[in-house]
C-alpha cells in the first residue's frame with residue numbers, strides 16, 4: 001500500500017467531528033435520535049416532566065421502591081452511620097460489614113450459596129465470562145463453548161466478546177431466541193468436540209420483549225449435558241414469582257440455577273449495583289479474578305443499606321409483588337381491548353407494537369403532551385419493522401393512573417392511525 005493511500009484513510013479531529021455531526025443529523029432526520037426528557041421529581045408511578053404531571057410508564061421501578069419511605073430512611077441511616085463513600089476497592093479497604101450482609105441476603109433470597117457485589121449487572125456479566133473462560137484453570141490445550149440466546153442483553157454479548165478476544169479458546173453458539181430445539185441440536189453436534197466447559201447463557205426475562213426463558217427446560221438440559229447454566233435476572237428479581245424471587249420461582253426451579261446475575265437498580269430500590277450469585281467456590285474465585293470487582297470502587301453505603309431494606313420488604317410481605325401482577329394483567333387486557341397489538345406475556349414489560357421508528361418516536365412525543373411518559377424503541381435495539389413503545393408497569397400505579405394512560409394511548413393511537 002502506498003504512503004498516499006495510507007494517509008487518505010487517516011481522519012484528523014476536525015474531520016472526525018464533522019463526520020460525527022453528519023451522522024447525528026442523519027439519525028435526527030430518520031427520527032431515530034434518542035432524546036432525554038428530564039424528570040423534575042422523585043421517581044414514581046406519577047412524576048413531573050415536560051412541565052406537567054406524567055404517568056410514568058418507562059421506569060424499571062417495578063415495585064415502586066425507588067422512593068419508598070423505608071428505602072429513603074435506610075439510605076439516610078446508611079449515610080449517617082457508614083458515610084458517603086469508601087474511596088477504595090473492596091479488597092483494599094472498601095469492605096464494610098453491610099457489604100457482606102447484603103451479599104449474604106442476596107444469596108439467601110435467590111436460594112444459592114453465595115453472592116458478590118459489582119457496580120452494575122453490566123459489569124457483573126462482563127466479569128463472569130472474562131474471569132471464567134479467560135483462565136486456563138491449570139489446563140492446557142482446551143476449548144470452551146458458550147451457548148447464548150440471540151436476544152440476550154448487550155452486557156452478556158459484550159462479556160462473551162471480551163472473553164473471546166482475550167483468549168482464543170472459546171467458541172460461541174448463538175441459538176435462535178428461546179429455541180430449545182436448536183439449542184439441543186447445537187449441544188448434540190458438539191458432544192464430539194470434547195469441550196472443557198460448556199455454558200448455557202440466557203436472560204431470565206428479555207428486556208425488549210417482556211418474555212421469560214423456560215428455565216425448567218434449561219435446568220434439565222444443562223444437567224443432562226454437564227453444562228453450567230447462567231441466567232441474568234435483572235428484569236426478574238422482585239418481579240416474577242409469587243414472592244418476587246424471579247424467573248426460577250415462576251418456572252418452579254428456585255435454587256436450581258448454577259449462576260444468577262442481577263441488579264439492584266430496578267425492582268430492588270432502583271439506584272445502582274449488580275451481583276453474581278451461585279456456588280461459594282465460584283464466588284470466591286470471582287473475588288480473586290473479577291477485574292471489574294478488583295478495580296472498581298465499592299458500592300456506596302446508602303445504596304447497600306437501601307438494598308438490604310428492599311429485601312426486608314420483599315421477605316416480610318408479598319403484597320407489592322401481588323399488586324404489580326394485578327396491575328400488569330389489567331393493563332395488558334385493556335390496551336388490547338382498545339385495539340393495540342402487544343407481545344404476549346405476563347411480565348410488566350408490555351411491548352406495544354407500532355412498526356416503524358418514526359411512528360414510535362411521534363407517538364412517544366404526543367403521549368408526553370397527553371401526560372404519559374413512555375419511550376419508543378427501534379432498530380438496532382429491536383429488529384427493523386418491529387419498533388415499539390416499551391410500557392413498564394409498576395406497583396406504584398393506581399388503576400386510575402393506568403386508566404389515564406390508556407385514555408391517552410387511545411387518543412394518540414387513533415391520531416397516528418396505529419389503531
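Taking into account only those residues within the stretch 273-287 that are more than 21 Å from the chain's Cα centre (by Cα) and either at pLDDT below 95 or under 21 Å from residue 234 (Cβ atoms) (or both), which is surrounded by the fewest Cβ atoms within 10 Å (Cβ to Cβ)?
Of the stretch 273-287, the ones more than 21 Å from the chain's Cα centre (by Cα) are 279-282, 284-285, 287.
Right, trim to either at pLDDT below 95 or under 21 Å from residue 234 (Cβ atoms) (or both) and you get 279, 282.
Details: 279: 14, 282: 20.
Among residues in the stretch 273-287 that are more than 21 Å from the chain's Cα centre (by Cα) and either at pLDDT below 95 or under 21 Å from residue 234 (Cβ atoms) (or both), the one surrounded by the fewest Cβ atoms within 10 Å (Cβ to Cβ) is 279.
Filter the strands (runs of 3 or more DSSP E) completely within the stretch 155-249 down to those with at least 3 residues that are crowded, with 21+ Cβ neighbours inside 10 Å and outside the structural domain of residue 387 (by TED's automatic domain parsing).
Values: elements: 170-175, 197-203, 228-232.
Where strands (runs of 3 or more DSSP E) fall fully within the stretch 155-249 and carry at least 3 residues being crowded, with 21+ Cβ neighbours inside 10 Å and outside the structural domain of residue 387 (by TED's automatic domain parsing), they are 197-203, 228-232.
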Which condition number does residue 340 fail, the rest of (1) part of a helix (DSSP H, G or I); (2) modelled with pLDDT of 95 or more being met?
(1)
Is the stretch 379-390 home to any residue that is at pLDDT 95 or above and at positive phi?
no
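Which residues, taken from the stretch 381-401, are in contact with a helix residue (DSSP H, G or I) (Cβ under 8 Å, 6 or more places away or on another chain), surrounded by 21 or more Cβ atoms within 10 Å (Cβ to Cβ) and over 27 Å from residue 30 (Cα atoms)? Spell out the reasoning first.
The initial filter retains those residues of the stretch 381-401 that are in contact with a helix residue (DSSP H, G or I) (Cβ under 8 Å, 6 or more places away or on another chain), namely 387-389, 391, 393-395, 397, 399.
Remaining after also requiring surrounded by 21 or more Cβ atoms within 10 Å (Cβ to Cβ): 387-389, 391, 393-395, 397.
Scanning the stretch 381-401 gives 393, 394, 395, 397.
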Hey, residue 74 hits all of (1) modelled with pLDDT under 95; (2) not in a loop (DSSP other than H, G, I, E, B) but one; which does it fall short on?
(1)
Output the residues belonging to the stretch 209-257 that are more than 29 Å from residue 143 (Cβ to Cβ) and without any contact (Cβ under 8 Å) to a residue 24 or more places away in the chain.
249
Within the set of pairs 6+ apart or on separate chains, which have a first residue in the stretch 258-271 that is at positive phi, a second that is in a loop (DSSP other than H, G, I, E, B) and modelled with pLDDT under 95, and C-beta atoms under 9 Å apart?
270/67
Candidates 354, 335, 382, 350, filtered to the one that is within 22 Å of the chain's Cα centre (by Cα), touching a residue at least 24 places away in the same chain (Cβ under 8 Å) and not in a loop (DSSP other than H, G, I, E, B)
350
With respect to the numbered conditions (1) modelled with pLDDT of 95 or more; (2) loosely packed, with under 14 Cβ neighbours inside 10 Å; (3) not in a helix (DSSP H, G or I), which one is the sole condition not fulfilled by residue 136?
(1)
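Select from the stretch 1-33 the residues that are in contact with a helix residue (DSSP H, G or I) (Cβ under 8 Å, 6 or more places away or on another chain) and within 30 Å of residue 265 (Cα to Cα) and write down the one among them that is modelled with the highest pLDDT.
If we filter the stretch 1-33 for residues that are in contact with a helix residue (DSSP H, G or I) (Cβ under 8 Å, 6 or more places away or on another chain), which is where we start, we get 11, 30-33.
Add one more test, that the residue is within 30 Å of residue 265 (Cα to Cα), and what stays is 31-33.
On the way: 31: 78, 32: 80, 33: 85.
The extreme case among them is 33.
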Count of the stretch 141-154 residues which are under 17 Å from residue 193 (Cβ atoms) and either assigned to a loop (DSSP other than H, G, I, E, B) or not assigned by TED's automatic domain parsing to the domain that holds residue 225 (or both):
3
Test set (1) outside the structural domain of residue 272 (by TED's automatic domain parsing); (2) surrounded by 14 or more Cβ atoms within 10 Å (Cβ to Cβ); (3) part of a loop (DSSP other than H, G, I, E, B) - residue 86 fails condition number:
(1)
I want to confirm something. Restricting to the stretch 329-373 and keeping residues that are touching a strand residue (DSSP E or B) at 6+ places or on another chain (Cβ under 9 Å) and over 21 Å from residue 415 (Cβ atoms), which single residue is surrounded by the fewest Cβ atoms within 10 Å (Cβ to Cβ)?
344
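Yes or no: the stretch 56-71 includes at least one residue that is assigned to a helix (DSSP H, G or I), surrounded by fewer than 17 Cβ atoms within 10 Å (Cβ to Cβ) and in contact (Cβ under 8 Å) with a residue 12 or more places away in the chain.
Residues of the stretch 56-71 that are assigned to a helix (DSSP H, G or I), as a first pass: 69-71.
Applying the additional criterion that residues be surrounded by fewer than 17 Cβ atoms within 10 Å (Cβ to Cβ) yields 69-70.
Still in the running and in contact (Cβ under 8 Å) with a residue 12 or more places away in the chain: 70.
Yes, there is a match, as at least one residue in the stretch 56-71 is assigned to a helix (DSSP H, G or I), surrounded by fewer than 17 Cβ atoms within 10 Å (Cβ to Cβ) and in contact (Cβ under 8 Å) with a residue 12 or more places away in the chain.
The values are calculated or read from the model by the stated rules, or taken from the named source; none is laboratory data. Computed from a prediction, not measured in an experiment: that's the story for all the values here. Please note: Cβ atoms are built from the backbone with ideal geometry, for glycine as well, and neighbour counts cover all protein chains shown.
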